[in-house]
Structures are given as structure tokens and as C-alpha cells.
1. Using alpha-carbon positions, what is the distance between the centroids of region 322-345 and region 23-93, in Å?
2. Calculated from DSSP H runs of 4 or more alone, at -39500 (n - 2.57) each and per residue, what is the 222 nm mean residue ellipticity of the chain, nearest 500?
3. Where both residues lie in the chain, what percent of DSSP beta bridges are antiparallel, nearest 5?
4. In whole Å, what are the extents of region 17-56 along the principal axes defined by its C-alpha atoms, from largest to smallest?
5. Would you mind telling me which residue in Tyr165, Tyr307, Tyr79 has the biggest mean-square fluctuation in a Gaussian network model of the chain, where springs connect alpha carbons within a distance under 10 angstrom?
6. With every protein chain present, what accessible area does Glu72 have (1.4 Å probe, heavy atoms only), rounded to the nearest 10 Å²?
7. Which value, in Å² rounded to 10, gives the accessible area of Thr187 with a 1.4 Å probe and all protein chains present?
8. Give, as a single signed number, the net charge of other residues whose beta carbon lies under 12 Å from the beta carbon of Met97, with Lys and Arg counted +1 and Asp and Glu -1.
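The values are calculated or read from the model by the stated rules, or taken from the named source; none is laboratory data. Treat the numbers as computed from the prediction; the structure is a model and nothing was measured. Cβ placement follows ideal geometry from the backbone for every residue including glycine, while neighbour counts extend to all protein chains displayed. With ligands, DNA and RNA removed, areas are computed over all heavy atoms of the protein, side chains included. Shrake-Rupley method; radii C 1.70, N 1.55, O 1.52, S 1.80 Å.
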Amino acid sequence: MSQGLDDIIAAETRLSSVDGAHGILVVKGFSLDQIAGQKSFEDVAWLLFGGLFDDLPDARTFAAQLGHDRSEVFDLVRYIDDGILALPPMDGVRAIMARIADGEDLATATRLLAAPAVLLPAFLRLREGQPPLAPDPRRGHAADMLHMLNGQVAGPETVGALDTYLVTVADHGLNASTFAARVVASTWSGLTSSVLAGFAALKGPLHGGAPGPIIAMLDGIATPDNAEAWIEAALARGDRLMGFGHRIYKVRDPRADALKAAVRRMAKGSNLLPGRLKLAEAVEQAALEILHRHKPDRPLDVNVEFYTALLLEALGFPPDAFTAVFATGRTAGWLAHAREQRLTGRLIRPQSSYVGPEPAAAA
Ligand code: CMC
């Protein structure tokens with residue numbers, strides 16, 4: 001029995017591989033640095049979907065279909081009422097996505113892929129009392145999402161930063177939310193159910209919920225010379241430092257460097273970002289030293305979430321929406337894994353070890 005299923009291989013996949021000892025992520029035969037900042041999100045989603053849908057068209061047609069589906073799912077924005085707006089963005093977007101009919105076909109998959117990119121900006125604008133902005137299918141996925149969020153045509157560095165982010169988080173082996181999506185797929189429930197399971201599993205702070213609190217940590221620390229005392233106090237309280245540690249990576253998470261590079265590129269044209277980046281680098285350095293001192297036997301390095309926080313903040317997303325942006329990218333991986341699992345036809349049904357009381361013996 002393995003409490004966290006550590007080291008258990010529970011699926012065979014052609015989608016991505018995570019080499020935790022060497023810090024290498026491979027997605028469909030490409031290393032992360034060959035796709036992050038190099039390919040668009042729609043191209044990576046198309047790559048992931050390859051071989052999983054009989055009617056998958058060429059990459060251009062697929063990207064056009066995704067744009068068309070952004071316009072179609074905009075119709076769902078009318079269901080974002082006050083009750084939905086009172087929820088955290090992750091839960092609000094999930095609730096509206098539940099209106100998409102379950103299915104196994106490519107049309108269902110592209111609708112689900114399009115939905116968070118449209119629903120999240122609409123949710124955030126409505127929450128601020130602003131009218132939602134309709135998508136423009138001619139834009140790229142990242143550019144359109146930013147336009148729907150900010151109402152401005154974003155520059156290439158900004159669009160590139162969001163595209164890099166969405167690609168970087170699109171797939172990552174058998175992480176908790178992908179496993180949840182595969183378990184649901186294995187019961188033949190359908191793609192909507194699998195994606196909703198992915199949303200549910202992603203939102204916890206041990207998985208995709210960490211970057212919001214990272215902003216709170218940076219704000220709490222405020223200046224580089226406060227980092228050490230703040231971190232020591234947090235660890236003394238028994239807190240975990242968000243953005244550090246990983247179940248699989250025993251070295252630096254390669255996604256952190258891809259995102260840090262994107263933040264650096266954005267910082268060149270920004271007045272505020274260089275200061276924020278300097279603070280983050282000081283916090284990272286202090287955290288690594290202190291974690292090493294506290295846990296000399298457990299390599300704890302920076303993970304994807306740390307620079308995610310900086311990048312998404314600079315793009316104008318509020319911290320409580322960061323996990324939903326993560327979900328916007330990871331939906332590609334959930335859909336591909338759900339299809340891959342479904343095509344095996346095999347139900348995932350492990351066993352548990354009973355440690356409860358035995359029935360009383362009959363008198
Ligand atoms: N800060 C302080 N202590 C830590 C941290 C941390 N970030 N991460 C692990 N530890 C400690 C942990 O408390 C444990 O100590 P002890 O043995 O005294 O109980 C020891 O290191 C070993 O940790 P573990 O629980 O075996 O590690 P895990 O593989 O279960 O946890 C993790 C991985 C990501 C849940 C954990 O490192 C963590 O909670 N990190 C903070 C939250 C975070 O950044 N989450 C985002 C993860 S990356 C996104 C993704 O790919 O899903």
C-alpha cells in the first residue's frame with residue numbers, strides 16, 4: 001500500500017513524460033524548451049489531441065475551430081448570475097462549464113477547451129461591474145483571452161507570455177487532476193465529466209491552488225531584506241512555502257525557468273515588474289537556503305507555481321483567478337488523457353486495505 005500512490009505507475013501514455021531526477025518535461029516528443037515560447041497553445045493542444053480523435057483536422061483548421069467555439073461558448077456567459085459571481089473564479093467557471101453536454105467527440109472537446117478562456121474573463125469583468133467582451137475568433141487563443149480580460153489589444157510580449165504559460169502547463173504526466181480526469185473517463189462518463197473532475201482536483205493548494213497565496217507571501221515580505229525573517233517565521237508556524245517542493249521533481253521544476261524567462265521578457269517593457277522580479281528572486285534564494293537547512297534530506301526546489309504568480313499578476317489576472325488560468329491550459333491535457341484512457345476501455349478500479357473493525361462473531 002502506498003498512501004499517496006508514490007512510484008505507482010497507473011497508466012501508459014503517449015502524451016507527456018516527467019523526469020523528476022533530471023528536471024525534464026517532454027510533451028509529445030518535444031522538450032519543454034522546444035514548445036514553451038515556440039508554439040502557440042492551440043498548436044500544442046492539437047499535438048496532444050493527435051491520434052485521439054478520428055476526425056482531427058490539420059492544425060490550422062483546428063485553431064479556426066477553436067476560435068469558432070470561443071464564440072459559441074460565449075452564449076454561456078448569460079448563466080453567470082450573482083450566485084455564480086459569489087463563488088471563487090475556479091468554482092464559478094466550473095459551474096458554468098457543467099452546462100456543456102457530455103460527449104466523446106472532437107466537437108465536445110474543442111468546446112470544453114474554448115470554454116475557460118471565455119468564461120473566466122467574462123466572470124472577472126462581471127464581478128467588477130463591467131460588461132463581458134465577446135471573443136474574436138480571428139485572434140489567437142491567448143490574444144483573445146487577454147482582450148476579453150482587459151478590453152485592449154495586447155502587445156506581442158504580453159500575448160507571448162500568456163501563450164508560454166498555457167503551453168507550459170498544458171500537460172504534466174499523471175498529476176493529481178489528470179489522474180482524476182482519467183478515473184472519470186475510465187467509467188465512460190464523457191469528456192465534460194472528466195474536465196470537471198480535473199477542475200475539482202486542481203484547485204487545492206497542494207496542486208494548482210498555490211500561486212494565489214504566493215502573491216500574499218510576496219506582499220507580506222514586501223522588501224528583499226525581510227525575506228529571511230518572514231520565511232523562518234512561516235516555517236516555525238508549520239506552514240508550507242507555496243511554490244516550493246514537488247512530488248516528482250527532486251531538482252528545479254523546468255517549468256519555473258520557462259516562466260521566469262517569459263516574466264523577464266515582459267519586465268523589459270514594464271515599470272513595476274522589475275521590482276517585483278527582484279523581490280521574487282530574493283525570496284526564492286532565501287527560501288531555497290532555509291528549506292535546505294530545515295530539510296537537508298528532502299530536496300525542495302522552486303516549482304511551476306512561483307513564477308506563475310508573477311506572470312499572471314503582470315498580465316492583469318487577480319490572484320484568486322490564477323488557478324482558473326492554470327485550468328485553462330491544463331484542460332488540453334485533461335481532454336487528451338481522458339480520450340487516451342477511454343480508448344483503452346478499461347475501468348480504473350484499485351483496491352483498498354481494510355483496517356476497520358471486524359463484524360462481531362455470531363453468538
Ligand atoms: N514548504 C515547507 N516544507 C515543505 C514543503 C514546502 N513547500 N514541501 C514539502 N515540505 C516538507 C513537508 O512538510 C515534509 O516534511 P515532514 O517530513 O516533516 O512532514 C517534507 O518536506 C516532505 O514533503 P512531502 O509531503 O513528502 O512532499 P510531497 O511530495 O507530498 O509534496 C507538495 C509535494 C507539492 C505537495 C509539497 O512540496 C507542497 O506542499 N508544496 C507547497 C505547495 C505548492 O507549491 N504546490 C504546488 C505544486 S506544483 C504544481 C503541480 O505540478 O501540481
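1. What the calculation gives is 9 Å, centre to centre.
2. Details: 16 runs with 199 residues, N = 363.
Value at 222 nm, helices only, nearest 500: -17000 deg cm²/dmol.
3. Numbers: 7 of 8 bridges.
Counting DSSP beta bridges with both partners in the chain, the antiparallel share is about 90 percent.
4. Computed over region 17-56, the largest-to-smallest principal extents equal 38, 20, 11 Å.
5. Of Tyr165, Tyr307, Tyr79, the Gaussian network model singles out Tyr79 as fluctuating most.
6. Approximately 110 Å² for this residue.
7. Looks like 70 Å² after rounding.
8. Numbers: positive: Arg94, Arg99, Arg111; negative: Asp91, Asp102.
So the environment of Met97 carries a net charge of +1.
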